[in-house]
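The values are calculated or read from the model by the stated rules, or taken from the named source; none is laboratory data. These figures come from a predicted structure and were not determined experimentally. Please note: Cβ atoms are built from the backbone with ideal geometry, for glycine as well, and neighbour counts cover all protein chains shown.
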Amino acid sequence: MTLASLDRPRGGSVSAARSRRRRIALQKWGPAYVLVLPAMVLILAMMVYPLVQTVVFSFSTVQLPLLTPVFAGLKIFAAVAADPDTLPIALRTLGWIAGTVVIRFVLGFVGALLFNARVRGTVWLRVLVIIPWTLPSVVAANLWRWMLQGDIGVVDQTLRAVGLGALATDWLGDPTFALWAVMLTYSWQGFPFVMLLLLAGLQGIGQDQYEAAALDGARWYQTFRHITLPSLRGLIAIALVLEVVSSINSFDTIMIMTGGGPANATLTFGINIYRTGFSLFDFGKASALSVLLFVAALVVFVVHGTLSRRVARAHGEQSL
């Protein structure tokens, strides 16, 4: 028998040590898991049951008043695909998501760059800029609906006061401007979140990097491209994903300001699901629309994750 075999732990002792560690971990964390278990079961029930019910309803004709599902196969999805309003609503929803994400991100990025500058008084301005984010969405939507009214709205009254009365219009009653007005309202309320997120990242970048770049003669756009953007790559990805999720789930701002009108100019998937389910009481079609929206969002996230990993891998190989 060699010395190496004597130093090697035997199988029985290894299994005994593992069992002892398991008992210690169970004694340590067992009561905590028992206390958290009711909340975990409740959360899972609140998440899983509605999701399963929505999927079941999407393949069924739901009979009222007991919401009894009668299996219909793919007929509900076929009806959704054959509906001539489905494609315009889908394109309008894509435009809503793209527009709000771009506006929020650009405003947040510009605000973060401005407030990151070492200028006196920016702390108080930062507090003022955050105010829209602190307002409830219902309050913000009603505030802007009043401001954008065509007769007594502050916006049109101001335009008339400065001699630009020809530009005054019913912003929420005109199909040409209604969607843009709601998008700007939604972006005004939400861009401070992006600003704070990116501002935290900017303040975490070491000043020695900028000083070294200045000594090397780098211009501001070169430092922005090679120092600022690479340092914020992770936060930018997180901000974009969160904004896409927020835009997909947006409902209250559109519902309060226009309700999907005028002439369906602001009718997105979320508003259409609400109308179909709670105005027309067609829960099968509303569930099918919800499933399609969920699948589309899932595809976007999968594609985003794949591209992010490829970009990170390519950046890592370049740095090596």
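Selection of region 101-151 for residues being within 24 Å of the chain's Cα centre (by Cα) and of a type in the set (Val, Ile, Thr) yields Val101, Val102, Ile103, Val106, Val110, Val127, Val129, Ile130, Ile131, Thr134, Val138, Val139.
Taking the criterion of being polar (S, T, N, Q) and at pLDDT below 90, the residues of region 280-320 that qualify are Thr306, Ser308, Gln318, Ser319.
Only helices (runs of 4 or more DSSP H) whose full extent lies in region 215-320 are considered here, and the ones with at least 3 residues that are surrounded by 13 or more Cβ atoms within 10 Å (Cβ to Cβ) are 233-249, 252-257, 269-278, 283-319.
In region 275-296, the residues that are without any contact (Cβ under 8 Å) to a residue 24 or more places away in the chain reach residues that are among the basic types (Lys, Arg) with C-beta atoms within less than 7 angstrom, at least six apart or across chains, in these pairs: Thr276/Lys285. Taken as a whole, the structure leaves Phe115 outside the set of residues that are aromatic (Phe, Trp, Tyr), closer than 17 Å to Leu292 by Cα and either touching a helix residue (DSSP H, G or I) at 6+ places or on another chain (Cβ under 6 Å) or not in a helix (DSSP H, G or I) (or both). Does region 114-129 contain at least one residue that is exposed (fewer than 15 other Cβ atoms within 10 Å of the Cβ) and modelled with pLDDT of 90 or more? The answer is no; no qualifying residue exists.
All conditions in (1) out of contact with any strand residue (DSSP E or B) (no Cβ under 8 Å at 6 or more places or on another chain); (2) within 29 Å of Ala265 (Cβ to Cβ); (3) touching a residue at least 12 places away in the same chain (Cβ under 8 Å) hold for Leu91, with the sole exception of (3). Scanning region 250-297 for residues that are within 21 Å of the chain's Cα centre (by Cα), within 19 Å of Thr176 (Cα to Cα) and among the aliphatic types (A, V, I, L, M) turns up Ile254, Met255, Ile256, Met257, Leu267, Ile271. Applying the condition of being closer than 20 Å to Gly259 by Cβ, assigned to a loop (DSSP other than H, G, I, E, B) and β-branched (Val, Ile, Thr) to region 155-195 and asking which residue is nearest to the chain's Cα centre (by Cα) yields Thr176.
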